[in-house]
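Only one structure is covered here, and it is reproduced in the block below.
None of the figures in this text is laboratory data; all of them are computed from the coordinates on show. As the structure is a prediction and not an experimental result, all values here were calculated from the model. Cβ placement follows ideal geometry from the backbone for every residue including glycine, while neighbour counts extend to all protein chains displayed.
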Amino acid sequence: MEFDTIAAISTPMGEGAIAIVRLSGDEAFLIADKIFKGPGNKKLSTQASHTIHYGHIVDPKTDVVVEEVMVSLMRGPRTFTREDVVEINCHGGLVSVNRVLQLILNQGARLAEPGEFTKRAFLNGRIDLSQAEAVMDLIRAKTDRAMNVAMGQMEGRLSKLIQKLRQEILETLAHVEVNIDYPEYDDVEEMTHKMLIEKAQFVREEIVKLIRTSEQGKILREGLSTVIIGRPNVGKSSLLNSLVHENKAIVTDIPGTTRDVIEEYVNVRGVPLRLVDTAGIRETEDIVERIGVERSRKVLKEADLILLVLNYSDELTIEDENLFKAVEGMDVIVIINKTDLPEKINMDKVKALAKDHKIVSTSLLQEQGVDELEEAISTLFFAGSIESGDMTYVSNSRHVALLNQALNAIEEAINGVEMGTPIDIVQIDLTRTWELLGEITGDTVHESLIDQLFSQFCLGK
Ligand code: GDP
Ligand code: ZN
């Protein structure tokens, strides 16, 4: 494969002050040399790989110094793209970075398309597709835990598991072949039948397990969609404010991506909460009253977590009870606010209504109880095994879709065997399962899918 040299601004994650212009391709070193002036006029192209050089970027036409820089040189194949890579660290903010990029483009590099660096890493065999997608997740990760999931995927954890399953299927297919080739041996058929069921069921179980992790994976990636509900004046806005102020708000304006909805992201003990915007919360104040239990239930169903706020110093009303009805079956934390005021609420009744939902008492005015609430949120979410860091999570919707299709295919195969369907028909379903799993790692993907996937990346990755 032959590639031209591409360049883009690529800002390292979590850092704003330094911007990097990254170059990748055969001519990366030559192009950098045309605009770089180091001490003693040293040429970058003669320097050792994996070294860093101080110098200036100079416009070759005018000899004007554009920027003071540190340049990292990395020769392929020991680079992310497996090509020669030059990274120019600029300190002078966006304007000068753009000028550096412009100079590089003038020297014959091409502006990289979004995700093109990662695409090259994929095409050059450095990473597989699920790892490439993990890079994308890493860029978007909102908490450390989300980052760990993406890291695990990037290290190839999901890929290894998928490969193992595909191997199982291949072995099974090999046995089926034997059976088709030598149908006269009765015991072969019997053995094949038994082995088929065993292997196929094993594969099915593993796929089901993976699909099950996807809910948590998605939440880690996108944030737990959280809605605060309660009657007017119970303290919803106060709750939103204390959650936002006590926790590091998560920066969401990732360069190169746009969001149509404005939401507050907060990191509550590793759980990314996506709180709907204040205006949205206001609207839910009287949501049950306004549109009735049935319809409000539909609206609320989109939420992953409900924070239902009650007033400790007021009697329970029919509206409160309707709120409980509207969120039946959902993940709910009940918050009894205003505990600094005299008790008027009937706690026995609250407990009856709350059933097995966690109840937390707060006085948001006195900043009390928020810790307990955060504890409750993290317990609710991490009650599963997510804390054991080395589990494999599926967080990518494309992977989930493929796993579901693979599940269908393997179930067809199992049904087929059980119903005595001819073995070559079963073989088709097995092969299909094998192919679908292969699409997750990119072993059987089409060109257009690759383009589409990588175009979702941010520029410069
Ligand atoms: P919302 O209408 O549900 O959003 O309620 P707000 O958060 O706007 O609060 C309504 C009023 O209750 C405001 O005057 C708050 O200062 C007050 N408030 C909120 N939390 C508490 C609390 O824990 N104790 C007391 N005494 N007042 C509170
Ligand atoms: Zn409010």
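For the stretch 6-112, just say rounded, prolate or oblate: build the C-alpha gyration tensor, square-root its eigenvalues into a ≥ b ≥ c, call rounded for a/c under 1.5, and beyond that prolate if a/b exceeds b/c, oblate if not.
Note, shape of the stretch 6-112 comes out rounded.
Hey, which of these cross-link pairs are over 29 Å Cα-Cα: LYS236/LYS355; LYS164/LYS301; LYS236/LYS344? Provide the component values of the computation, followed by the final result.
Details: LYS236/LYS355 22 Å; LYS164/LYS301 37 Å; LYS236/LYS344 19 Å.
Beyond 29 Å: LYS164/LYS301.
HIS193 versus THR46, label points 7 Å from Cα toward the beta carbon: distance in nm?
7.8 nm
What does the charge dipole of the stretch 6-112 about its Cα centre add up to, to the nearest 20 debye, if the Cβ of each Lys and Arg holds +1 and the Cβ of each Asp and Glu holds -1?
In debye, rounded to 20, the stretch 6-112 gives about 160.
If packing is taken as the average number of other Cβ atoms within 10 Å across a peptide's residues, how do 365-376, 121-132 rank, most packed first? Kindly include the intermediate steps, with their values, before the conclusion.
Working: 365-376: 16.0, 121-132: 20.3.
In descending order of packing, they fall as 121-132, 365-376.
List every residue whose amide H lies under 5 Å from the amide H of ILE335, counting only residues 5 or more places away in sequence or on a different chain, with H placed 1.01 Å from N in the peptide plane.
LEU308, VAL309, LEU310, VAL360
For a quick check of your reading of the filter: which trypsin sites (Lys or Arg not before Pro) in the stretch 72-118 sit in a DSSP loop and have no more than 11 other Cβ atoms within 10 Å?
ARG78
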